[in-house]
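Down below is the structure, laid out as structure tokens.
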Amino acid sequence: LLVDTQIVVESMLEDVNNILNTGEVPGMYPDDEKAKMRKELAEEKLPEKFKLLEAMMDSTYCCGDSLTLADLYVYGLLNWIGMGTLDGVSPNIIREHTKLTKLVATLDGHPQIKEWNASKNPKLPWL
């Protein structure tokens, strides 16, 4: 599907990786503290990061006018959140960001991605 040379903007991958690697491991905290962390994530951290991601996007895709590894990376993050994996973080947080929602919808419709999703994850598409 893609090769390494198609990574147009490596910083996009780094930004998504930073979202995933906050250094916080909520499972190591009591439920009330975990809920507080998830609330902060949902109400402050993710909206801020999603706004930055959208500002970096040129069009439908993260880096230019064609599918790159960065798109798949962001798509994985958005699906992880969109499927309701994180207690206290609603998929609606993604729907509030037009470009990110469009990216998910576009990749959901990609024939190879659609086929993979159908065979590997029955929760997809969530949008």
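The values are calculated or read from the model by the stated rules, or taken from the named source; none is laboratory data. Note that this is a predicted model, so its numbers are computed, not measured. Every residue, glycine as well, gets a Cβ built from its backbone with ideal geometry; the counts of neighbours run over all protein chains shown. Just so you know, the surface numbers come from the protein's heavy atoms only, side chains and all, with ligands and any DNA or RNA stripped out. Shrake-Rupley method; radii C 1.70, N 1.55, O 1.52, S 1.80 Å.
Structure values in brief
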read-out	value
Scan of the range 73-94 for residues that are of a type outside the set (S, T, N, Q) and not in a helix (DSSP H, G or I), ordered by number	Met83, Gly84, Leu86, Asp87, Gly88, Val89, Pro91
Test: residue in the range 87-97 that is loosely packed, with under 15 Cβ neighbours inside 10 Å and at pLDDT below 90	yes
Unique residue being in contact with a Pro (Cβ under 7 Å, 6 or more places away or on another chain) and either modelled with pLDDT of 90 or more or aliphatic (A, V, I, L, M) (or both) when the list is Ile81, Ile19	Ile81
The listed residue being hydrophobic (A, V, I, L, M, F, W, C) and touching a Lys or Arg at 6+ places or on another chain (Cβ under 8 Å), out of Val74, Val89	Val89
Hits in the range 51-72 - residues which are free of Cβ contacts under 8 Å to residues at least 12 places away in the same chain and in a helix (DSSP H, G or I)	Ala55
Filter result (touching an Asp or Glu at 6+ places or on another chain (Cβ under 6 Å) and open to solvent by 10 Å² or more (accessible area, probe 1.4 Å)) within the range 58-79	Ser59, Tyr61, Gly64
Close pairs (6 angstrom Cβ cut-off, 6 or more residues apart or separate chains): in contact (Cβ under 8 Å) with a residue 12 or more places away in the chain in the range 105-124, hydrophobic (A, V, I, L, M, F, W, C) and open to solvent by 80 Å² or more (accessible area, probe 1.4 Å) anywhere	Gln112/Leu1
Leu103, sole failed condition from (1) among the aliphatic types (A, V, I, L, M); (2) crowded, with 16+ Cβ neighbours inside 10 Å; (3) in a helix (DSSP H, G or I); (4) at pLDDT below 95	(4)
Unique match (being at pLDDT 90 or above, exposed (fewer than 14 other Cβ atoms within 10 Å of the Cβ), over 14 Å from the mean Cα position of the chain (by Cα) and in a helix (DSSP H, G or I)) among Glu48, Glu44	Glu44
